[in-house]
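**Student:** Have a look at this one before I ask anything.
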Amino acid sequence: MLIKTRGIVLNYLRYRETSIIARVYTERLGLQSYVVNGVRKAKPPGRIALFQPFTLLELVAYTSRQGGLTRLSEYRCAESYRSIPFDVQKSSVALVLSEIVGRVVQEEEENEPLFHFLHDALLAFDQQQTGYENFALIFLLRLASYLGFGMESGQEITTQVAFASAAPATANSTSTPTALRFQEFDHYFDELLHDPTHATVPNGRVRRELLNLVIRYYQLHIEHLGDVRSLAVLSEVLAE
């Protein structure tokens with residue numbers, strides 16, 4: 001059976017000599033893995049570019065009641081990005097976020113609100129010319145709501161992370177210093193959650209601290225998230 005749907009590429013693995021296995025979050029089927037034959041051939045050139053992280057696709061795919069790997073019958077770019085592939089800062093953000101989304105989005109069933117959030121957020125990010133320094137933070141804070149562990153305040157984030165980071169209490173130790181250190185970030189998170197346009201994150205150092213806290217918060221709720229290997233590439237965006 002064939003089904004037509006939109007999809008967002010998360011990542012791919014090389015498969016045999018010229019093919020790949022692409023993981024795509026689809027509008028109608030959720031997360032799917034597809035064998036794409038011959039995409040790594042020298043001719044025609046450029047086809048592998050369609051499977052870079054966060055590429056927006058229109059595709060016709062084979063489906064199977066047994067699940068597992070299937071194949072694409074047709075695929076093409078649905079909407080071309082104008083800035084993300086050509087802007088080092090934006091492409092660095094997209095790389096990190098695609099790694100995180102690729103690990104936290106696992107459901108193999110339709111979830112239109114989640115798909116539309118990802119789709120619309122990426123297009124909006126692509127169109128932003130200035131003021132996108134906080135995009136990664138805002139994206140992750142909003143994504144958490146679709147994953148079932150959204151937060152209403154910055155205190156929810158810092159309290160949970162501080163509690164998890166603190167050593168077991170003894171007669172001569174306390175978790176208070178860790179909690180107090182994290183509390184200084186509460187109001188920045190509150191702004192990003194409720195009024196992101198006017199957020200007052202002052203510099204790259206604070207932005208990096210906030211991002212590390214958000215990722216730690218994700219790790220507390222998603223056991224298999226692990227370390228985000230591509231996080232170092234955000235140094236350009238989060239620079240002073």
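The values are calculated or read from the model by the stated rules, or taken from the named source; none is laboratory data. The structure presented is a predicted model; accordingly, all values stated were derived computationally and were not measured. Cβ sites come from the backbone with ideal geometry, for glycine too, and all protein chains shown count toward neighbours.
**Student:** Just checking, does segment 108-115 include any residue being over 20 Å from Q32 (Cα atoms), touching a helix residue (DSSP H, G or I) at 6+ places or on another chain (Cβ under 7 Å) and of a type outside the set (G, A, S)?
**Tutor:** The answer is no; no qualifying residue exists.
**Student:** Would you mind finding the one in S83, S73 that is at pLDDT 95 or above, among the hydroxyl-bearing types (S, T, Y) and surrounded by fewer than 18 Cβ atoms within 10 Å (Cβ to Cβ)?
**Tutor:** Of the residues listed, the single one that is at pLDDT 95 or above, among the hydroxyl-bearing types (S, T, Y) and surrounded by fewer than 18 Cβ atoms within 10 Å (Cβ to Cβ) is S83.
**Student:** Another question, then. What's the number of the only condition in (1) free of Cβ contacts under 8 Å to residues at least 60 places away in the same chain; (2) among the basic types (K, R); (3) over 20 Å from H194 (Cβ atoms) that R103 fails to meet?
**Tutor:** For R103, the exception is condition (1).
**Student:** I want to confirm something. Restricting to segment 30-60 and keeping residues that are under 16 Å from V104 (Cα atoms) and over 16 Å from the mean Cα position of the chain (by Cα), which single residue is surrounded by the fewest Cβ atoms within 10 Å (Cβ to Cβ)?
**Tutor:** Residue satisfying both the conditions and the ranking: S33.
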